[in-house]
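See below for the structure under consideration.
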There are 2 protein chains.
Amino acid sequence: MELKALSVEGFINETGSSSPAPGGGSIAALNGAAGAALIEMVASLTIGKEKYAAVEAEMKEIQSKAHEMKAQFLAYIDEDSAAFNKIMAAFKLPKDTEEDKKARSAAIQEATKGAALVPFKIGELANALLPLAATVIEKGNQNAITDGAVATMNARTSVHGAFLNVKINLGSIKDEAFVADLNAKMEAIENSVDEKEQALLNKVNL
Amino acid sequence: MELKALSVEGFINETGSSSPAPGGGSIAALNGAAGAALIEMVASLTIGKEKYAAVEAEMKEIQSKAHEMKAQFLAYIDEDSAAFNKIMAAFKLPKDTEEDKKARSAAIQEATKGAALVPFKIGELANALLPLAATVIEKGNQNAITDGAVATMNARTSVHGAFLNVKINLGSIKDEAFVADLNAKMEAIENSVDEKEQALLNKVNL
């Protein structure tokens, strides 16, 4: 059964169990999904209101983008756990002959790259939520501004949580170019995400 | 139907809809639930391991506490939306006579206090996750340390997200002592939560 098809209670209980999946990567994706949903909600609560007619077109665009990103994050909840399970499966491959060992080692490397790429994509997508959150906070329905703030925090958690899970996997990947490429891309995002988040939270003064 | 009984996908889609509930308060509770679940998981992955025999009793205590807190957060997901709906219901009370108006106004005040207290309790409980997260990060299974880090970020989001929702409601409450009391309690927690979070994240160096 897909994780996203579990009840909220069932999914959270499964997270709390001693099985390693769903773990931090899937929870990072859940954070992204919640952030995208809140942005979509604020845009939806802005559209059709006379007071916000000037930003109607912009809000419709954000609503549509956030809607798609939400679906993508929901898919990542399952993809992250599936990628983790692939590593477990590779470790169980036979290692009786030299040929076995080579094939097993290659399968582990391949699966580990996959398990690094899924949370990398989660973190990249979560970072892309921040400009949308900025627009709904600055121009959207001001009665829902705190929902934009919660979305912003969810996006930041998703970025850091996802990238922590990338880094765990990078530790066992031998392809140095692959590792260097992902590290550089993550560093660029990580260096700015806390500042971007704080700037948005500062706009929601209650 | 209870929100926590919806599928993860259904709950997230409902959040994204133009209906104001579930909103930031319920998402703050979801963040708390995810944080508690991840702490429970790290404790579970520590218990029974020879390497961590010295902290076995402590981990069992954390596992049990986090398990209970997780259930409480799941209940708050629904309580927050129910409290919001009570305000909506109070606003719909008749206001034809002076007596009606008085009763309606009192009902709105009462419902708004309720809608402030639920996220206040969410934020307080989320703050109480941080010492548990600290223990699993410092003494728990080091292979799951990033899950402790994600739990820490979820706890911090839950605190701020919940308190933003308290403050929205405090703005319409006339009982000044009630408002001052909650504001003072929130300030004490808010002043330290970001620092506590950062100190824990700094321990998870990857």
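For the protein assembly as shown, what number results from the quotient of the Cα radius of gyration and 2.2 N^0.38 Å?
1.02
P(r) of chain A in 5 Å steps, Cα pairs, percent per bin?
Over chain A, the share of Cα pairs per 5 Å bin runs 1, 8, 15, 16, 16, 14, 12, 8, 5, 3, 2, 1, 1, 0, 0 percent.
Provide the three semi-axes, in whole Å and in decreasing order, of the ellipsoid equivalent to the stretch A:1-77 as defined by the square roots of 5 times the Cα gyration tensor eigenvalues.
33, 10, 9
Please work out the Cα convex hull volume for the stretch B:136-206 and give it in Å³ per residue.
78
Provide the FRET efficiency to the nearest 0.05 for the B:Asp100-A:Ala53 pair, computing r from the beta carbons and using R0 = 35 Å.
Given R0 = 35 Å and the Cβ-Cβ separation, E is 0.50.
So how strong a dipole does chain B carry about its Cα centre when Lys and Arg Cβ are +1 and Asp and Glu Cβ are -1, to the nearest 20 debye?
80
Taking the Cα centroid of the stretch A:164-206 and of the stretch A:36-63, what is the distance between the two, rounded to the nearest whole Å?
Their Cα centres are 29 Å away from one another.
Among B:Ala66, B:Ala89, B:Ala177, whose Cα sits farthest toward the positive end of the charge dipole of the stretch B:21-201 (+1 at Cβ of Lys/Arg, -1 at Cβ of Asp/Glu, about the Cα centre)?
Of the candidates, B:Ala89 comes out farthest on the positive side.
Put the label 7 Å from Cα along Cα→Cβ for A:Ala103; what are its distances to the other copies, in nanometres, shortest first?
Values, ascending and in nm: 7.9.
Kindly compute the accessible surface that chains A and B hide from a 1.4 Å probe when together, both sides summed, and give it to the nearest 100 Å².
So the buried area, both faces added, is about 4000 Å².
Return a whole-number percent for the relative contact order of chain B, with Cα pairs under 8 Å and 6 or more residues apart as the contact set.
27
Order the following by accessible area, largest value first: B:Lys102, B:Lys185. Probe radius 1.4 Å; ligands, DNA and RNA are ignored.
Order by accessible area, largest first: B:Lys102, B:Lys185.
The values are calculated or read from the model by the stated rules, or taken from the named source; none is laboratory data. Keep in mind that this is a model prediction, so the values were computed, not measured. FYI the Cβ positions are ideal-geometry reconstructions off the backbone, even for glycines, and counts take in every protein chain you see. To get the accessible areas, we keep the full protein, side chains included, count just its heavy atoms, and leave off ligands, DNA and RNA. Shrake-Rupley method; radii C 1.70, N 1.55, O 1.52, S 1.80 Å.
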